[in-house]
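Structure, as structure tokens:
The values are calculated or read from the model by the stated rules, or taken from the named source; none is laboratory data. Here the structure is a predicted model, which means the values were calculated and not measured. Quick reminder, even Gly has a Cβ in these numbers, built from the backbone with ideal geometry, and neighbours come from all protein chains shown. Surface areas here come from the heavy atoms of the whole protein model, side chains and all, with no ligands, DNA or RNA. Shrake-Rupley method; radii C 1.70, N 1.55, O 1.52, S 1.80 Å.
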Amino acid sequence: MKEAEMGIPHLFRCPISLDLLTDPVTLSTGQTYDRSSIEKWLNLGNQTCPVTMQKLQDSSMVPNHTLRHLIDQWLQTGHQTNNNHNRIIDPDPSIVALKHNLESHVSTLEIKIQTLETIQVLSDELPSRKSCLIQLGFFPLLLELLFGEAQGEFSQENLEFLEKALVCALKLIPHCNLRPLNILKEESKLEHFLVLFNQGTITVKKSLCQIVEAISSSLETEELCAVFGKNQTLLQGMVFLLDQNNLGTSEFGIKAVSALCSLESNRGNLVREGVAERLITYIMTAERHERNVAPTAMTVVELLLGLESGKKAVIDHPSGVNALVKMVFRVSEHEGSESAVNALMILCSDSVQVREGVVCAGVLTQLLLLLQSQCSGRIKTKARRLLKLLRSMWDEDSTHYV
């Protein structure tokens with residue numbers, strides 16, 4: 001059999017994606033997977049090994065350096081793999097030329113913009129094209145073009161280049177190893193990221209929020225997530241986006257904040273920058289019939305209530321209690337209900353005054369409607385617990401008056 005017709009060796013495939021392993025990691029069961037694939041599996045709530053279906057007592061992943069070395073040796077033929085057709089293929093010369101256009105200092109900005117438009121089209125076509133773009137290193141190249149050097153003045157042409165480069169990077173992210181994003185831990189590159197975030201167009205800001213989401217989704221960039229969570233300039237920029245619902249940025253800002261909130265150490269900084277208050281305002285003003293991310297905002301509020309500063313921020317907000325009560329039950333939509341009930345349990349357990357406030361805000365009606373709805377049994381169980389807690393308040397008051 002000719003080399004060009006050889007399939008990928010079985011041991012070099014990820015059992016989940018069936019593609020060539022790019023970052024092999026081994027679980028406690030002894031099974032090896034591509035890191036991005038097994039992380040997605042575990043993030044979906046699965047607690048078993050996909051191959052053996054054994055329950056994972058330990059979800060840690062150990063890099064399989066030996067297997068990675070063997071794969072690297074196998075690829076040292078100068079060819080690239082096409083995982084869609086399970087063949088080794090030569091890189092497409094036209095795609096190599098596109099990379100040269102972006103790397104060349106001779107290429108004008110107009111040529112680079114046209115090149116990015118072509119890359120965007122290619123990444124929407126056959127998976128083999130996208131695979132070739134990834135394996136030729138377009139993702140780290142795009143990051144370097146975006147954050148590697150100061151952009152100078154934001155001319156119309158410059159902004160167009162940035163917007164298209166971000167679109168191309170975002171199209172590749174779901175299929176890439178995210179470690180190249182760690183260049184943003186370098187002070188100069190982080191500074192360029194912040195300049196873009198604060199001075200870029202609305203489109204640029206939205207795209208950068210999606211970059212933040214990606215960074216927060218992977219263990220490979222966990223340290224960078226912590227760096228972002230400590231950066232006051234970035235957090236203030238996100239808070240500004242939360243206030244701009246009329247420009248359509250709130251949705252992206254809330255998702256980015258939610259992503260940063262996945263790291264517990266970031267939550268205190270988010271509270272200090274006023275995120276809790278902005279989320280409460282968003283929940284109160286978001287129209288039910290419009291596309292909104294109120295349930296995501298509610299989930300973040302619940303997480304922030306794990307801090308005393310978070311509790312204070314919500315209680316002190318004039319609409320804090322009303323926002324939580326509003327989210328307990330929404331007609332034909334139960335997203336956010338569980339987080340709202342959990343949040344009310346946290347606050348009501350600590351304060352009789354809050355219990356009185358939620359009752360005045362109509363929580364009893366909301367809970368009864370929730371119990372009569374088609375929500376899950378778990379949510380109904382939590383709703384009953386909250387009702388029981390509130391009932392105890394009335395029992396205590398009755399005893400007091402007797």
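Brief remarks follow.
- Test: residue in the range 129-147 that is open to solvent by 40 Å² or more (accessible area, probe 1.4 Å), within 21 Å of Leu20 (Cα to Cα) and out of contact with any helix residue (DSSP H, G or I) (no Cβ under 7 Å at 6 or more places or on another chain): yes
- Subset of the range 338-350 (residues that are farther than 17 Å from Ile280 by Cβ and polar (S, T, N, Q)): Ser349
- Residues being at pLDDT below 80 and either closer than 12 Å to Arg68 by Cβ or open to solvent by 50 Å² or more (accessible area, probe 1.4 Å) (or both) - total across the range 1-16: 7
- Residue that is farthest from the chain's Cα centre (by Cα) [pool: residues in the range 102-139 that are basic (Lys, Arg) and farther than 19 Å from Glu160 by Cα]: Arg129
- Subset of the range 255-271 that is open to solvent by less than 40 Å² (accessible area, probe 1.4 Å) and in contact with a Lys or Arg (Cβ under 9 Å, 6 or more places away or on another chain) - its residue that is nearest to Thr201 (Cα to Cα): Val257
- Being modelled with pLDDT under 90, of a type in the set (Asp, Glu) and farther than 23 Å from Arg35 by Cβ is not true of Glu220.
- Search result, residues across the range 218-231 that are assigned to a loop (DSSP other than H, G, I, E, B) and buried (at least 20 other Cβ atoms within 10 Å of the Cβ): Ser218
- Counting only helices (runs of 4 or more DSSP H) that sit completely within the range 315-397, those holding 2 or more residues that are open to solvent by 50 Å² or more (accessible area, probe 1.4 Å) and farther than 16 Å from Pro295 by Cβ correspond to 337-350, 352-360, 363-371.
- So Glu213, is it of a type in the set (Asp, Glu) and over 25 Å from Ser60 (Cα atoms): no
- Counting the residues of the range 47-98 that are part of a loop (DSSP other than H, G, I, E, B), under 16 Å from Asp23 (Cα atoms) and either modelled with pLDDT of 80 or more or hydroxyl-bearing (Ser, Thr, Tyr) (or both) gives 3.
- In the range 272-305, of all residues being modelled with pLDDT under 95 and outside any helix (DSSP H, G or I), the one that is surrounded by the fewest Cβ atoms within 10 Å (Cβ to Cβ) corresponds to His289.
- Pairs, first more than 18 Å from Val239 (Cα to Cα) in the range 297-313, second open to solvent by 30 Å² or more (accessible area, probe 1.4 Å) and in a loop (DSSP other than H, G, I, E, B), C-beta under 6 Å, six or more apart: none
- Residue selected from the range 183-207 under the condition among the polar types (S, T, N, Q) and modelled with pLDDT under 95, by the criterion most open to solvent (accessible area, probe 1.4 Å): Gln199
- Filtered residue count, the range 17-46, keeping only those that are under 16 Å from Asn177 (Cβ atoms), part of a helix (DSSP H, G or I) and open to solvent by less than 70 Å² (accessible area, probe 1.4 Å): 5
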